[in-house]
1. Here are the criteria: (1) within 20 Å of residue 120 (Cα to Cα); (2) open to solvent by 60 Å² or more (accessible area, probe 1.4 Å). Tell me which single one residue 52 does not satisfy.
2. I'm checking my understanding of the structure. Among residues of the stretch 63-73 that are open to solvent by 30 Å² or more (accessible area, probe 1.4 Å) and in contact (Cβ under 8 Å) with a residue 40 or more places away in the chain, which one is nearest to residue 233 (Cα to Cα)?
3. Within the stretch 16-30, track down each residue that is touching a strand residue (DSSP E or B) at 6+ places or on another chain (Cβ under 9 Å) and of a type outside the set (A, V, I, L, M, F, W, C).
4. Inside the stretch 202-229, can you point out the residues that are in contact (Cβ under 8 Å) with a residue 24 or more places away in the chain and not in a loop (DSSP other than H, G, I, E, B)?
5. Consider the stretch 10-36. How many of its residues are surrounded by fewer than 18 Cβ atoms within 10 Å (Cβ to Cβ) and assigned to a loop (DSSP other than H, G, I, E, B)?
6. Looking at this structure, is residue 179 open to solvent by less than 10 Å² (accessible area, probe 1.4 Å), away from the ligand (no atom under 16 Å from the Cβ), within 22 Å of residue 68 (Cβ to Cβ) and touching a strand residue (DSSP E or B) at 6+ places or on another chain (Cβ under 6 Å)?
7. Within the stretch 90-117, can you find the residues that are part of a strand (DSSP E or B), away from the ligand (no atom under 16 Å from the Cβ) and within 18 Å of residue 23 (Cβ to Cβ)?
Amino acid sequence: MTKPLVALLSGAGISTDSGIPDYRGPDGLWRRDPQAEKLVTYEHYMGDPDVRRRSWRMRRENRMLRAEPNTAHRAVVELERSGVPVRVITQNVDGLHQLAGLPARKVLELHGSARSYVCTRCHVRGPMKDALARVEAGEDDPPCLECGGILKPATVMFGQRLDPVVLGEALAVTKACQVFVAVGTSLLVHPAAGLAGVAVDHGARLVVVNGEPTPYDEIADEVIREPIGTALPEVLRELAVGDGS
Ligand code: ZN
């Protein structure tokens, strides 16, 4: 039998077991601290060298790049390796799905990646660790080595729009999937949250795995409140044996 296409939307909750707090959510760290929010707001970042210097210092100390994937990330990899077609749509910028072993082309990063830098002028990209090594070596706001432009993490900052190509692919996957699993996301931040509704409208089975209630629980076929680290592997194992249609 053909295995169902599984789309998995992941939010901050899938990475909390890896020690990464929720930065971007409605109650995330950025939103609760206006000074911190400035560091990740495009207008302030581009307009104020001091904001950039503080931002680079903060990234140097950030635990995100040292975080390791957890059992939930690994469970997604196992599902993929079992032969089930899987696409991950993630609100996270930590790159842990790929680090766990999921091929990069299977992961749509709605908010970009903190593991890369990008030049705001010539758009060249590189590994974040290279930029951080320059900060470590004394450059407090390292400019682009190609063009001298301002470098920033390859994440979508506040005030920037989501990449329309990535968003378009996410929408296409959502419409095409037979099972849509929303994990560790409050489903409050659009447009990511709206994907759950689109999936249902297109006939997918909706499974919500989250600690807190979400606005989509009522239309979900299954709502699981248990800790993600134990709940997600179980849900995905069922899909792997073909119980998901
Ligand atoms: Zn450049």
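1. (2)
2. Start the filter on the stretch 63-73 by keeping residues that are open to solvent by 30 Å² or more (accessible area, probe 1.4 Å), which leaves 63, 65-66, 68, 71.
Imposing the further condition that a residue be in contact (Cβ under 8 Å) with a residue 40 or more places away in the chain reduces the set to 63, 65, 68, 71.
Working: 63: 25, 65: 24, 68: 17, 71: 7 Å.
Step by step, filter the stretch 63-73, then rank; the result is 71.
3. Restricting attention to the stretch 16-30, the residues satisfying the condition of being touching a strand residue (DSSP E or B) at 6+ places or on another chain (Cβ under 9 Å) are 24, 30.
Passing the criteria: only 24.
4. 205, 206, 207, 208, 209, 228, 229
5. Summing the residues that are surrounded by fewer than 18 Cβ atoms within 10 Å (Cβ to Cβ) and assigned to a loop (DSSP other than H, G, I, E, B) in the stretch 10-36 gives 6.
6. Numbers: open to solvent by less than 10 Å² (accessible area, probe 1.4 Å): yes; away from the ligand (no atom under 16 Å from the Cβ): yes; within 22 Å of residue 68 (Cβ to Cβ): no; touching a strand residue (DSSP E or B) at 6+ places or on another chain (Cβ under 6 Å): yes.
No: the conditions fail for residue 179.
7. Of the residues in the stretch 90-117, the ones part of a strand (DSSP E or B) are 90, 107-109, 112-117.
Of the ones still in play, those that are also away from the ligand (no atom under 16 Å from the Cβ) are 90, 107-109, 112-115.
Scanning the stretch 90-117 gives 90, 109, 112, 113, 114, 115.
Each row is one residue, and each column tells you yes or no for (1) assigned by TED's automatic domain parsing to the domain that holds residue 213; (2) buried (at least 22 other Cβ atoms within 10 Å of the Cβ); (3) touching a residue at least 60 places away in the same chain (Cβ under 8 Å).
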{"residue": "4", "(1), (2), (3)": "yes, no, yes"}
{"residue": "8", "(1), (2), (3)": "yes, yes, yes"}
{"residue": "38", "(1), (2), (3)": "no, no, no"}
{"residue": "42", "(1), (2), (3)": "no, no, yes"}
{"residue": "79", "(1), (2), (3)": "yes, yes, yes"}
{"residue": "86", "(1), (2), (3)": "yes, yes, yes"}
{"residue": "90", "(1), (2), (3)": "yes, yes, yes"}
{"residue": "98", "(1), (2), (3)": "yes, no, no"}
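The values are calculated or read from the model by the stated rules, or taken from the named source; none is laboratory data. Note that the structure is predicted; figures quoted are calculated from it, not measured. Quick reminder, even Gly has a Cβ in these numbers, built from the backbone with ideal geometry, and neighbours come from all protein chains shown. Heads up: the accessible areas ignore ligands, DNA and RNA and are worked out on the full protein's heavy atoms, side chains in. Shrake-Rupley method; radii C 1.70, N 1.55, O 1.52, S 1.80 Å.
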